[in-house]
Each structure stands twice: as structure tokens, then as C-alpha cells.
Amino acid sequence: MKMILTGNESAAWGARLSRPKVIAAYPITPQTSIIETIASFIANGEMDARYIRVESEHSAMAACIAAQNTGVRTYTATSAHGLALMHEVLIWASGARLPIVMSVVNRAMAPPWSVWTDQLDTMAERDSGWIQVYTQNNQEVLDSIIMSYKIAEKHNILLPTMVIEDAFILSHTSEGVDVPEQKKVDDFIGEYNPAFKLDPEEPAGFGSLIMPEGPYMEFRYKMALAMEEAKKEIKKVVEEFNETFNRNYSPFIEEYRTEDADAIMFVLGTIGSTAKDVVDSMRSEGYKVGVARLRYFRPFPAEEVRRLAKKTNMIGVVDRSYSFGPGADLFAETKSVLYNHTDIPVKNYVMGLGGRDITPAILRKVFLDMLHIAKEGVADKEIEWVGLQGDERWS
Amino acid sequence: MKKLTIPEEEHMLSGHTACLGCGATIAMRYVLKALGKNTILSIPACCWAVIPGVYPHRTLDVPLLYTAFEVTGAAISGIREALDAMGKEDVNVVGFAGDGGTADIGLQALSAAMERGHNVFYIMYDNEAYMNTGIQRSGSTPMGAWTTTTPGGKKRMYKWEPKKSVAEIMVAHHIPYVATATIAYPEDMIAKLKRAKEIKGPKFFQILSPCPTGWRHAPDKTVEISRLAVQTNVFPLYEVIDGKYKISIKPKNPKPVKEYLRLQGRFRHLTEEEIEKIQRHVDENWKALLKKERCSQEEE
């Protein structure tokens, strides 16, 4: 069924179709309309779930952890400060191997207060043991939630998943979305089959004290293996989803006109769609540029990134966040997996923080800079902040 | 022959790792005797996160979810709603948390869970300080006590502020059942738990659980001190059902508070004047409790 939905309504529909039994949620801009939409689904009898209106995001995740550990599918959604408040229990959720699915609407972290899009919130949780999938349009928001339940709940994975959308650009923007039939989604995901649960018939303790010689380290190692294994399951599930629902998602990296590209822009989220537009117009002028949009940041698809690098002479990594280390997050990880595999220059373009607009004009200038570096064979610098006030080069 | 009022069934097995004379272990044993096997426990960071034993050992034969420190209220909400969604409404859901995890770091989640009205038990085993981390002051530490973060010193920096009344905070949430209990009165505790079990909605218990290690008393004095806390009116036993107070035990001739204090090293530094001040504080609280009982019953 075709509907006109915002990104947040698409997330709510994705959750509704996946039939979680417990939802625990707390409002925060720009996520709020997800949990409002779900509340009205439940209030109208269109969705059969228990809705816990918690007093904080920390409690939202804690309640999801407890409910999921009791044996039901759960869902929640948050943004920025809400996600940061959850930090402790995010690590709890993954360590407890609970396949919770959560929508995160990317928003900048204060101070100063900003409700607009920026990926620091999710990047700061990259080591929390969650699978992270970044989306580009409302259809992908909805579809990714369905796929995420299927991937996360496999007993060889059992890792929670964040389905991530950009604030406002997706969350509050309406698009045509194909909403799949309930029956088809039910058949695709199947009933929730927990690997373990709290049950008075079979009493067990979950999360007890463990000594250094106990299997703490082995538990972490198994999580690392599961994250690696998730690459195979993601590929399988995405292919199955494409076939069942008539879509064409690439599992890890969506490439656009990368085939003979002199330079490829590597991006996350909605920057991809703007970049594709710029690629089209520059291609028509004869510039050989392409764009690659990473979908899964966790697990990080090292092999696919290395294959991408083999196709081109230069990669420009765009980050909508900054890490106060060796460049921003996507850049640092891209460079690290390319080390010893390629000599092509890789440059970091940091832009759009706090929701600052990333326009086609700016991306065009970035592409021209990338082409110049591709020709020179060496980057002028590793990290470039693009679009700062008063910086004439990029405006 | 007198009928046994305390159930014979045991859900606390041997092999726990608590200190000698630990009141919190006795509290757990009675709680499980009263509620039975069809119970799921949620335990945050606290002494009871360690007492069940190191993985893979467990001294309880009911399912147990260990959680982060501040989440007991949220965790029991999640367990309850998941069970109800699966049609398992008969399972008791019990949060079992210390005073730090209840009066301080977990108060927000507790308050919200009670206000939302989930059908759960929240049991605060009150040993009056952060005992698992080694006796640091909590909001539930009583007036005058020594702890490692109120160590006295030259400036006599003890815990001079009154103990926070969590049971009263819970009464203000208008939940159907609030009770205090202590381990020296197991029949009272079990009768209250059984009454509460019949009530659908949030049930809150504050169980005074003496801690020989932190209170600095001999391990064989745990029950005696628990009894003295009631006989001196330091820790009155009462229940509040639908807003109506009912005091469980009214000592005819309350003993002086000094008798309770003198058995515990954490109060050894107190001067006669300071003990007088604590006595006045206890007397005032007791009078206020009598008034609450009278007023709430008069409404009938």
C-alpha cells in the first residue's frame, strides 16, 4: 500500500509491522512523532503491544532489556541526549545478547542546544556492541526496521540494532512509501523465538558476577564473532528482502556511478541523495565522480570498503560528526581498513554539524577538490572542515 | 500445637556469599518463602548482586535478572508487561534493591514505575548505607551515623541529616500497598507479603536489614538490633493500604533510643546531647505516624 509518510511515521509503521509486544519510550525532539504515532496505533487497536511511558530514555532501554529478557520482542526510539543517557544500558543490552531494535533520529549534542541533524550521537555509541544501519529515505527507514528484527533475532547473532535516520531531513519530511502487507511481513520475520528467557519453570540468573578467570572475556569474544557473522546474515536477509518486497538494497555500500570514477565520495545517510544529484550534473559536464553510501557502520564492512578503493584514485570521506582523534569517525575507520591495501589518497571532509545545510553547491566544490587530489596523487591535508562561517572556499 | 505461620518451603539455597549475620539474606529468605516459586526477581547493583554467588553458581531457585544500579523500577515494569503480554499474569515480579539503589540512584525509576501502576513488588532492603561498596552514606543513612564518607574526623563530620523516608514517598504515589517490615518480626513480614500478593498494582516494602559489617555490631546481634529498632520506635512497623495507615506494632513502653544505638559501633561517638537530639527526632516521627494513622482511619 502506497502512503505518504514522514521518516518518523515510516519508523512507526516499521515497528507496527514487526509486532513488538512491549514498547518503552520517552519523548525527545526530533524522535517524538515516532512514539506518538505508535501510541495512536495502540490506542486505536491497530497494534497489539504494551506501551510503557517511562520517565527517561535510560528507563526506556532498561525496560526493553527486562521485557526482551522475559521473552518478547521490544522496540524503542530516541535521539541525541536520550541516546547518550542510555549509554550504560546500551552496553547492557548488547552484552546480554538481546536483539532489541531501536530507531535513532540523529541529532546534534549540546551545548549549545541544537535539535538538528548531526551524527555524533550514534557515532559516540559505535563501541556499544549494537549493529548500526544508516538510512537515506523513508522507505529505507521502514524496511530497515523489519530487516533488523530478522537479522538481530537469529541465534547466531543476538545483537541489538539501531536503525538510524537524519533529523528533519527524513524525520519530518514526507515521501511516498510502500507499506508492505502485514501478512508478508509476518511470514518474513516469523514469530519471536527467544534463545533464553526469565522463566520460573526453568530458573536461571542473567548477568551475574564473574571473576577474571571466568568467561567474561569469552563472552566479549563471542560478541565479536557474532558481529562478524552478522555480515553474512545481513547479506542474506537483504537479498531475501529485496526479492520478497521488490526492492534493491545493497547490503553494505550503495554505489552510484562509481565504475570509472576518478574520485568517490564516501558518505552516510541523506548526504548520499544530495551527492547523487551532484554526481549526475557533474558527470554531464564530463567529471568522472561517483558516490558510495555506507549503510552498515556496525558491523563495518572492511572488505567492501577495500573493494571500493580498488575502483578509484581518491576517496573523499564526508563526516557529519567529529571525533577528537585522527579525524572523524567514518574517515578514521575507512583509513584504518585501507592501510596496507591501497596507496590512494583519502581525505576527510567534516561538514553539516548541528544541522548546517549540506548543499549541492558545497558538495560540488568538495568533488572538485577531490578530483584535484586524485590528479596530484596526494591529499593537501588529512582533514578539512567544510562550510565554516567566513570560509570563502566552500560557500 | 501451634500452627507454623512461616512457610517451610525454601527458595534460598545454601552457599550464599554474604557476611556473617547479614540481615539482607534473612529478608530475601522470608520474601521468597512468602511469595513462592512462581516469582521473578530483578536485582540491581547492591549486596544482593554478589550474595547469590559467582557465575555459574546461584543461591536462589527463582529466575533472577541482574541489572544496572538505577533501573529496578524500569526493569520490573518491563518484566511485568512482557509477562502480561504473554498471558502470564500469575507470576510475581519482585524488584529487590538496597537503600542506595532505592532512595538515591534508583528513586526516579522507582517513582515512575509506582506512578504507572504496574502489578509488581518493590522491596527495598534497607541496610542504611552503600554496604556493597564498603559503607558509604546514602539518603537512607540515619541521623548521627558514622560511614566511610561521613567519617567524623576532627570536624565531627558524621551523617547529621535525618534519614529519608522512602516509604512515605511511596505513600505519596497513592499506590495500593506500602509497608515497613524487619527481619526480627518474620510473621509480620510474611503476613504483609501475603496480603500484598492479593492486591493487583504496585506494592512497596521497606525492610530494615541490619548489617553487622557496616553498623559495626556483632554478627549475633542482627535480630536483636532489628527488634530494638521496633521497640525503640526508631523503625516503626506499619502498613498503608489504599492510603489508610495501620501501625503493626505499638510498643507499650518504648525503650530509649540509646539502647538501640549503644549496640552499634557506627553510633559510638555520639554525645549524650546528640543522643537526646536523636531521641527527640524519633519521638516526633512516632507522634506524626500516630497522627497519620488516626487521620487516615477517621476518614472512614
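Values quoted throughout were computed directly from the atomic coordinates according to the rules given, and no laboratory measurement underlies them. Because the structure is predicted, anything quoted here is derived from the model rather than measured. Note that each Cβ is placed from the backbone with ideal geometry, even for glycine, and that neighbours are counted across all protein chains shown.
The table below gives the values:
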| quantity | calculated |
| --- | --- |
| Euclidean distance of C-alpha centroids, segment B:186-232 and segment B:55-81, integer Å | 21 Å |
| Averaged over A:15-23, number of beta-carbon atoms from partner chains that fall within 10 Å | 2 |
| Relative contact order (%) - chain B, alpha-carbon pairs under 8 angstrom, separation at least six | 16 percent |
| Shielding by partners, peptide A:45-57 (average Cβ within 10 angstrom, other chains) | 4 |
| Average beta-carbon neighbours from other chains, 10 Å sphere, peptide A:95-102 | 0 |
| Segment A:1-78-segment B:2-19 distance, computed between alpha-carbon centres (Å) | 42 Å |
| Selected from A:P180, A:W130, B:W48, residue furthest toward positive end of dipole (the protein assembly as shown; charges at beta carbon) | B:W48 |
| In sequence order, calculated HN-Hα J values of segment A:362-377 (Karplus, 6.51, -1.76, 1.60; Hz; x Gly/Pro) | 5, 5, 4, 5, 5, 4, 5, 4, 4, 5, 4, 5, 4, 6, 6, x |
| Quotient of Cα Rg and 2.2 N^0.38 Å for chain A, N being how many residues it contains | 0.98 |
| Whole-Hz couplings from phi, Karplus 6.51/-1.76/1.60, listed for segment A:161-167; x for Gly and Pro | 9, 9, 9, 10, 10, 6, 4 |
| For the protein assembly as shown, share of DSSP beta bridges that run antiparallel, in % to the nearest 5 | 25 percent |
| Cut-off under 5 Å, modelled amide H: who pairs with B:Y177 long-range | B:F204, B:D242 |
| For the protein assembly as shown, size of Cβ-based charge dipole, Lys and Arg +1, Asp and Glu -1, in debye | 2280 debye |
| Selection from B:I241, B:N38, B:P254, by position along the positive dipole direction of segment B:23-298 (Cβ) | B:P254 |
| Mean separation of Cα contacts under 8 Å, 6 or more apart, over the residue count of chain A: relative contact order % | 16 percent |
| Added length on full extension, which subtracts the Cα-Cα distance from 0.36 nm per residue, B:I247 to B:M157 | 29.0 nm |
| Sites A:E229 and B:H57 - FRET efficiency at Förster radius 30 Å, r taken between beta-carbons, to 0.05 | 0.50 |
| Highest-fluctuation residue, A:N313, A:N246, A:N69 considered, GNM on chain A with Cα pairs under 10 Å | A:N246 |
| Segment A:41-148 - percent relative contact order, Cα under 8 Å, separation 6 or more | 21 percent |
| Size of electric dipole in chain A: Cβ of Lys, Arg +1 and of Asp, Glu -1, about Cα centre, debye, nearest 20 | 280 debye |
| Alpha-carbon Debye profile of chain B, log10 I(q)/I(0) at 0.08, 0.16 Å⁻¹ | -0.32, -1.37 |
| C-alpha center-to-center spacing [segment A:318-365, segment A:273-302] in angstrom | 13 Å |
| Lys, Arg +1 and Asp, Glu -1 on Cβ, resulting dipole of chain B about Cα centre, debye, nearest 20 | 740 debye |
| Coordinate range along principal axes, alpha carbons of segment A:293-395, Å, largest first | 38, 31, 24 |
| Value of [θ]222 nm, deg cm²/dmol, for chain A, DSSP H segments ≥ 4, -39500 (n - 2.57) each, nearest 500 | -13000 deg cm²/dmol |
| Listed residues A:W113, A:W130, A:W92, most fluctuating in chain A (Gaussian network, C-alpha, under 10 Å) | A:W113 |
| Rounded to 10°, Cα long-axis angle of helix A:271-284 versus longest principal axis of chain A | 30 degrees |
| Overall dimensions of segment A:239-345 as given by Cα atoms, namely Rg and Dmax in Å | 14.1, 43 |
| Rg to Rh quotient for the protein assembly as shown, alpha carbon positions, Kirkwood Rh | 1.06 |
| Convex hull (Cα only) mean projected area of segment A:77-135, reported in nm² to one decimal | 3.8 nm² |
| On Cα atoms only, tilt of B:186-197 relative to the major axis of chain B in degrees | 40 degrees |
| Spacing of the two label points (7 Å from each Cα toward its C-beta) at A:K310 and B:K2, in nm | 8.5 nm |
| Between 0 and 90°, nearest 10: helix B:23-35 axis offset from chain B longest Cα axis | 30 degrees |
| Least to most buried among A:C64, B:C22 (fewest other Cβ within 10 Å first) | B:C22, A:C64 |
| Positive-end residue of B:C211, B:G152, B:Q108, charge dipole of segment B:23-298 with Cβ unit charges | B:G152 |
| Packing rank of A:304-312, A:377-385, A:362-370, where each peptide gets the mean count of other beta carbons within 10 Å, highest leading | A:362-370, A:304-312, A:377-385 |
| Per-residue HN-Hα couplings for segment A:14-19 [Karplus 6.51, -1.76, 1.60; θ = phi - 60°; Hz; x = Gly/Pro] | x, 5, 4, 5, 7, 6 |
| Amide proton proximity set for B:K250, modelled H, under 5 Å, gap of 5+ | none |
